[in-house]
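Let me begin by presenting the structure, written as structure tokens, before commenting on it.
The values are calculated or read from the model by the stated rules, or taken from the named source; none is laboratory data. Everything numeric in this text was worked out from a predicted model, so none of it was measured. So basically every Cβ, Gly included, is an ideal-geometry build from the backbone, and we count neighbours across all protein chains shown. For accessibility, only protein heavy atoms count, side chains too; no ligands or nucleic acids. Shrake-Rupley method; radii C 1.70, N 1.55, O 1.52, S 1.80 Å.
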Amino acid sequence: MKIDGLEDVLKQLEIEETNYGASDGHEWFGNGAETKSVSPINGQVIAKVKQANKDDYERMVKANREAFKTWREMPAPKRGEIVRQFGLALREKKDALGRLVTIEMGKSLQEGWGEVQEMIDICDYATGLSRMLYGKQTHSERFRHRMYEQWHPLGVVGIISAFNFPVAVWSWNLGIALACGDTCIWKPASHVPLTAIACQKILMRVIKENDLPAGISTLLIGRGSEVGELMLTDKHVNLVSYTGSTKIGRHVAEEVSKRFGKTILELGGNNAVIVTPHAEMELAARAILFGAVGTAGQRCTSTRRVIVEKSRKEELIKTLKDYYGRVTIGNPLDQSNLMGPLVDTGAVDMYLEAIEIVKKQGGKMLWGGEKLDHEGGCYVTPSVAEVRRDLEIVCEETFAPLLYIIEYSGDIQNAIDIQNDVPQGLSSSIFTNDLIESETFLGHTGSDCGIANVNVGTSGAEIGLAFGGEKETGGGRESGSDAWKLYMRRQSNTINWSGKAELAQGIKFD
Ligand code: UN1
């Protein structure tokens, strides 16, 4: 099988047969080992990349630090204007970049385009934000004193992104960080170097057109154990924003905290949908289907568990079975397919292994879970299992289209308790038309997740609110609301214009 339109996509995005994987924003280089980008669609090598080594890393962080000196002094709305131009450039390349996301990572073309749209949205958001970096002021207890807080640029932001959202997660961090006056260094996941190179090239055009220095945004494709590790221990990287597994996230937190650096952690989820006696079944089933099967179950927000009230269980299983039966699996560039491949053969093995563990632990597989041999790619069928809530594997995040159905009975609080009884706390949903049930779910004894939705699925959040979760999900927040504050340095200021010395708390020291 051939990947349709591949040459054209690569040409539009200026991807060569062999590419450099390191860029300081002006030039390309890469003195590390060569790597290949392989498409999960058919196992084809798309292009090669010369990765960065330790010296390249040093060169880049130096450029980042140097650029920070001028970038932080540029008025915020002018920085916002640069981000706006990046958003315009992305609009021009939306089709090609969305296709490359699909080719390199395997998500459906609709989702590939959706991801680029998420980038455009965050650029618009960050442009507006650049005029809204508000600090609070309050009244002093002292005569003719003024107190206010202001937000200063923080420094260099290290962005380590995951394979499943190869471009959007970077842009959430980049857009906000640039508006805030920081400079950025990006280490993408090793599966998806080409989308990162394409993004950097689009951004470099804007940097060039505006005569900006190198180091505003740098790209570092290289092994985590080599260059990623340097970023964690480097005191010049003020904030590390990491998206990925809880296991690596713990290591990132430890290393960066050792030097009192800041972190934003977006780690694993184990997201549940609660279906109550008052749920609209069609609505719930559609959301569950997209949540569990969309992106082949490889979102941190993917629906992993459905907690359904006893009397609705058979109806739910029947509706889901009908929906799953209509899921078309195959080349994700073909828009008639809803599900593409998993990211690589390792992911397929991990998925099949998880299914064996479910069976061994006493779960009942209802359908799916086969490996498909067609097209030389990493295709599987999505699966559903009925399980007890306390199965060990149910408490883990299996990054694949494996959905657990768990029954509850009695009060809604029972369902919420099951939902909260896992180590992760990213996203959650309830399907109900009952006010008491939905308010209980959203209340203090309700969902303990960073995201809690009513009649909306667990995945597919918009950029306007803060994105992230609690517990082993890491506690970080990115994207909208006031997440920008994490990318800045807060300063509290007191100004005395009384001409007299007066101490707070009424202390006399004469
Ligand atoms: C991720 O899977 O790392 O809410 C991010 C969503 C997307 C982002 C997912 N907007 O599903």
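Classify region 223-264 as rounded, prolate or oblate, taking a ≥ b ≥ c as the square roots of the eigenvalues of its Cα gyration tensor: rounded when a/c is under 1.5, otherwise prolate if a/b is larger than b/c and oblate if not. Write out the running numbers ahead of the final one.
Working: a/c = 1.68, a/b = 1.16, b/c = 1.45.
Taking the square roots of the gyration eigenvalues as a ≥ b ≥ c, region 223-264 is oblate.
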At the level of C-alpha centres, the distance separating region 106-127 and region 165-234, in angstrom, is 16 Å
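Share of antiparallel DSSP beta bridges in the chain, in percent to the nearest 5?
On the way: 30 of 74 bridges.
The antiparallel proportion sits near 40 percent.
Within the chain, which complete DSSP H helices have Cα atoms spanning at least 20 Å along the helix axis and a mean Kyte-Doolittle hydropathy of -0.5 or higher? Don't skip to the answer; put the middle values down first.
Numbers: long enough: 54-71 (25 Å, -1.59); 76-105 (36 Å, -0.27); 109-129 (30 Å, -0.08); 193-209 (24 Å, 0.69); 345-360 (23 Å, 0.37).
Span-like helices, by this rule, are 76-105, 109-129, 193-209, 345-360.
Give me the percent of the accessible area of the chain that comes from carbon and sulfur atoms, probe 1.4 Å, all protein chains in place. Numbers along the way, then the final one.
Details: 10840 of 21680 Å².
Here it works out to 50 percent.
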To the nearest Å², the heavy-atom accessible area per residue of region 271-454 with 1.4 Å probe amounts to 40 Å²
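Would you mind classifying the chain by shape? Square roots of the alpha carbon gyration tensor eigenvalues, ordered a ≥ b ≥ c; an a/c under 1.5 is rounded, otherwise it is prolate if a/b is larger than b/c and oblate if not. All intermediate terms of the calculation are to be shown ahead of the outcome.
Values: a/c = 2.07, a/b = 1.22, b/c = 1.70.
Cα axes put the chain in the oblate bin.
Show me the chymotrypsin sites (Phe, Trp or Tyr not before Pro) within region 88-188 that DSSP assigns to loop and that have at most 15 other Cβ atoms within 10 Å of their Cβ.
Numbers: sites: 113, 125, 134, 143, 148, 151, 163, 170, 172, 186; in loops: 134, 143, 163.
Taking region 88-188 and a limit of 15 other Cβ atoms within 10 Å, the loop chymotrypsin sites (Phe, Trp or Tyr not before Pro) found are 134, 143.
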Counting only DSSP loop positions in region 322-381, the trypsin sites (Lys or Arg not before Pro) whose Cβ has at most 16 other Cβ atoms within 10 Å are 326
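May I ask which of 313/471; 321/364; 2/36; 11/208; 262/485; 201/262 have a Cα-Cα span longer than 22 Å here?
On the way: 313/471 29 Å; 321/364 15 Å; 2/36 18 Å; 11/208 20 Å; 262/485 12 Å; 201/262 28 Å.
Correct reply: 313/471; 201/262.
Using DSSP to define loop residues, name the chymotrypsin sites (Phe, Trp or Tyr not before Pro) in region 427-510 whose beta-carbon has at most 13 other beta-carbon atoms within 10 Å. Numbers along the way, then the final one.
Values: sites: 431, 441, 467, 484, 487, 497, 509; in loops: 497, 509.
Here the chymotrypsin sites (Phe, Trp or Tyr not before Pro) that fit, given the DSSP loop and packing criteria, are 497, 509.
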With -39,500 (n - 2.57) per DSSP H segment of 4 or more residues and division by the full residue count of the chain, the 222 nm estimate, nearest 500 deg cm²/dmol, is -11500 deg cm²/dmol
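Once a ≥ b ≥ c are taken as the square roots of the eigenvalues of the Cα gyration tensor of region 154-236, is the result rounded (a/c under 1.5), prolate (a/b larger than b/c) or oblate (a/b not larger than b/c)? Don't jump to the answer; show the numbers that get you there.
On the way: a/c = 1.68, a/b = 1.21, b/c = 1.38.
Oblate shape, in that a/c is at least 1.5 and b/c is the bigger or equal ratio.
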Expressed per residue, the solvent accessible area of region 89-180 in Å² (1.4 Å probe) is about 34 Å²
Descending accessible area (1.4 Å probe), largest on the left, turns 300, 180 into 300, 180
